[in-house]
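The values are calculated or read from the model by the stated rules, or taken from the named source; none is laboratory data. Treat the numbers as computed from the prediction; the structure is a model and nothing was measured. Cβ sites come from the backbone with ideal geometry, for glycine too, and all protein chains shown count toward neighbours.
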Amino acid sequence: MSLLGGGIFKGMAVTLRNFVGSYFKKERLVTNDYAWQPEGDSELPQRASEYPKEQGEQLSDTTTVTNYSRNFPMLLHDGTEGSNPMDTIRCVACQICERECPPQCIYIEKMYDENGKYIKSPAKFDIDVSVCMSCQICVEVCPFDAIVMNSQFELSTPDRFDGLLLRRDDLLKSNNYYHQIHPEEAAARDQKIADEKAAKEAKKKAAAEAAKKKAAEKSKAEAEVKAKEAEGSAATESDGKQEAAE
Ligand code: SF4
Ligand code: SF4
């Protein structure tokens, strides 16, 4: 028969063993996950994601917890590995997400060219993840499918001010990466974008056809008016000739 609350005593025994053992063995000072120590005079990593991973702990630095897990937002671009993400960034800096974010942790500045013309890109796009509550409202209100949730969670840092302020370039991730971490959601979003594009093109085509039809009707009506006018003037001319002959 197992003792009621036996697990608690077992856990306390492990803690006690490590506490006492830490006076004799340095590796007992740290938790098992991060038992790794820097070599020689090398400095400790600045972020937890920079620590070597325990085998099987994570697949990559951009850890996927599950297909549906979410942590903080990221900005999507449609480029491939090695391309400049700013060439294909989806965000147009409309600032809707900035206005709708409940704790107001998004900060955006629009980009302008040398002539002062707005070029539909963010010059700055910061998210303060020490304030973000992962509500996903920014994702829901974005009309351009430009912002989605990342599942990366290894963001701990000793610098709790600048270290937790994610800048535009930290937030930029490719659509391919989105497919890797949220395959179903990314596929559904791509399908939605393709459907919207097809509907827009069909509407444009229908409008062009309607305009063409209207122009053809107009020129037909004009031709009819001209023909009637020509008929009228021919009749007047023949009446005049008849009168002159009489
Ligand atoms: S997830 Fe919520 S709190 Fe975080 S940036 Fe988006 S809207 Fe703001
Ligand atoms: S992420 Fe979307 S809603 Fe936010 S500024 Fe960019 S385009 Fe607008």
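When restricted to residues that are without any contact (Cβ under 8 Å) to a residue 40 or more places away in the chain, farther than 27 Å from E196 by Cα and either within 16 Å of ligand 1 (Cβ to nearest atom) or surrounded by 14 or more Cβ atoms within 10 Å (Cβ to Cβ) (or both), the stretch 110-138 contains 4.
Is it the case, given these coordinates, that P103 is within 16 Å of ligand 1 (Cβ to nearest atom) and under 17 Å from A186 (Cβ atoms)? Here the answer is no, as P103 does not meet what is asked.
Tallying residues that are surrounded by fewer than 17 Cβ atoms within 10 Å (Cβ to Cβ), more than 10 Å from ligand 1 (Cβ to nearest atom) and over 14 Å from H77 (Cβ atoms) within the stretch 139-152 yields 1.
Checked against (1) within 16 Å of ligand 2 (Cβ to nearest atom); (2) not assigned by TED's automatic domain parsing to the domain that holds G79, A202 passes all but a single condition, namely (1). For the structure I just gave you, tell me whether K200 is without any contact (Cβ under 8 Å) to a residue 40 or more places away in the chain, surrounded by 10 or more Cβ atoms within 10 Å (Cβ to Cβ), under 30 Å from C142 (Cβ atoms) and not aliphatic (A, V, I, L, M). Yes: the conditions hold for K200.
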